[in-house]
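Written below as structure tokens is the structure these notes are about.
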Amino acid sequence: MQNFTPVSALLGGALIGLSAFILLWFNGRIAGISSIMNGLFAASGPNRYWRLAFLLGLMLGAAIWQQFAPAMPTLRPHYPLPLIIVGGFLVGFGTRLGSGCTSGHGICGIALLSPRSIAATLTFMASGIATVYLLRHVLQVSV
Amino acid sequence: MTKIILALIAGTIFGLGLAISQMVNPNKVLAFLDIAGDWDPSLALVMAGALAVAATGFRWARRHEKPVLGSRFHITLKTALDRPLLAGAALFGVGWGMTGFCPGPAFASMALGNREAIVMVACIYAGFWAAGLLNGKN
């Protein structure tokens with residue numbers, strides 16, 4: 001557990017919670033990134049603009065922090081591209097079919113005590129853990 | 001217009017949170033999912049921090065009839081644990097475990113010079129489209 005960073009995790013998490021609160025309290029919207037991303041092209045008019053603004057903010061916030069912490073490791077130049085392509089597709093397919101992701105179900109939904117979100121979060125945590133176990137410890141893919 | 005500015009502010013705070021907590025580092029996310037390896041429990045604390053603030057804030061917000069700038073709270077009232085929900089969540093988890101990216105960090109990482117994230121986001125959209133075909137919603 002030498003990479004455990006409890007303070008920055010709690011602080012960053014609190015900011016994510018604050019963001020979700022602001023979006024619900026002012027706009028009446030759930031900060032679920034997969035549905036905001038999907039709605040960027042599926043919705044029309046004003047329903048598209050606030051989503052675009054939120055997503056631009058998402059990039060802006062990360063870019064601002066990178067100015068303060070330029071050594072933040074984020075790049076993996078040798079990560080297998082097929083894993084990204086297939087995995088990315090499954091993330092999109094699964095979150096639309098299952099109506100949410102880590103933020104929509106894992107944070108907002110659980111904060112609202114939604115039984116669907118609790119079940120979804122337990123499910124994607126379990127399948128995520130199983131997938132990493134299979135890749136790293138059974139198939140020995142060095143990722 | 002105010003709604004759009006508020007969404008920009010909320011998005012920026014979310015992006016800051018993802019970066020400060022290092023959730024934009026996919027290897028850190030994979031280290032959380034790798035319980036049999038060198039386990040890094042940080043992601044659990046990110047969720048705990050987010051849940052503590054969101055649950056408190058949501059509870060307070062929902063005592064009001066409607067949001068400050070809108071006509072209603074857009075919240076689903078569904079409760080059924082149906083097959084699309086569970087199958088979708090299971091498939092999402094597989095993709096998450098293959099990449100270390102969920103949608104938020106993937107999108108935010110496009111601003112960090114991360115080409116992997118651009119491919120990831122493009123493939124997420126392909127997945128959205130395919131799921132829409134399945135539901136007849138495209």
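None of the figures in this text is laboratory data; all of them are computed from the coordinates on show. Fair warning: this is a prediction, and the values are worked out from it, not measured in the lab. Neighbour counts run over all protein chains shown; Cβ positions are idealised from the backbone, glycine included.
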Point to revise | Residue list for segment B:76-102, given a label point 7 angstrom along the Cα-to-Cβ vector of A:Ile118 and an amide N cut-off under 14 Å | key: B:79-81
**Study point:** Peptide B:64-75, shielding by other chains (average Cβ, 10 Å cutoff)
**Key:** 4
**Study point:** Shape category assigned to segment A:76-143 from the gyration tensor of Cα positions, a/c cut at 1.5
**Key:** prolate
Point to revise | Tensor-based shape of segment A:1-119 (alpha-carbon gyration tensor, a/c under 1.5 rounded, otherwise prolate or oblate) | key: rounded
Point to revise | Peptide ranges B:5-15, A:93-103, A:41-51 listed from the most packed, as the mean C-beta count within 10 angstrom indicates | key: A:93-103, B:5-15, A:41-51
Review point. If you count, for every residue in B:36-45, the Cβ atoms of partner chains within 10 Å of its Cβ, what is the mean?
Key: 6
Revision key, fill the gap. Gyration tensor on Cα atoms of chain B, a ≥ b ≥ c root eigenvalues, a/c under 1.5 rounded, else prolate if a/b beats b/c, else oblate, says rounded
Practice item. May I ask you to list the aspartates and glutamates whose Cα is less than 17 Å away from that of B:Lys28, ignoring any residue fewer than eight positions away on the same chain? Key: B:Asp38, B:Asp40, B:Glu116
Practice item. Sort B:Ile35, B:Ile118, A:Ile33 so the one with the fewest other Cβ atoms within 10 Å of its own Cβ comes first. Key: B:Ile35, B:Ile118, A:Ile33
**Study point:** Simple label model, 7 Å out from Cα along Cβ direction - B:Leu81 to A:Met1, nm
**Key:** 2.9 nm
Check your understanding: P(r) of the protein assembly as shown in 5 Å steps, Cα pairs, percent per bin?
Key -> 1, 7, 13, 18, 21, 19, 12, 6, 2, 1, 0
Exercise for review: Return the distance in nm (one decimal) between the two label points of a simple spin-label model at B:Ile35 and A:Ala43, each offset 7 Å from Cα along Cα→Cβ.
Suggested key: 3.6 nm
Review point. Calculated FRET efficiency, B:Ala130 and B:Arg62, Cβ-Cβ r, R0 41 Å, to nearest 0.05?
Key: 0.75
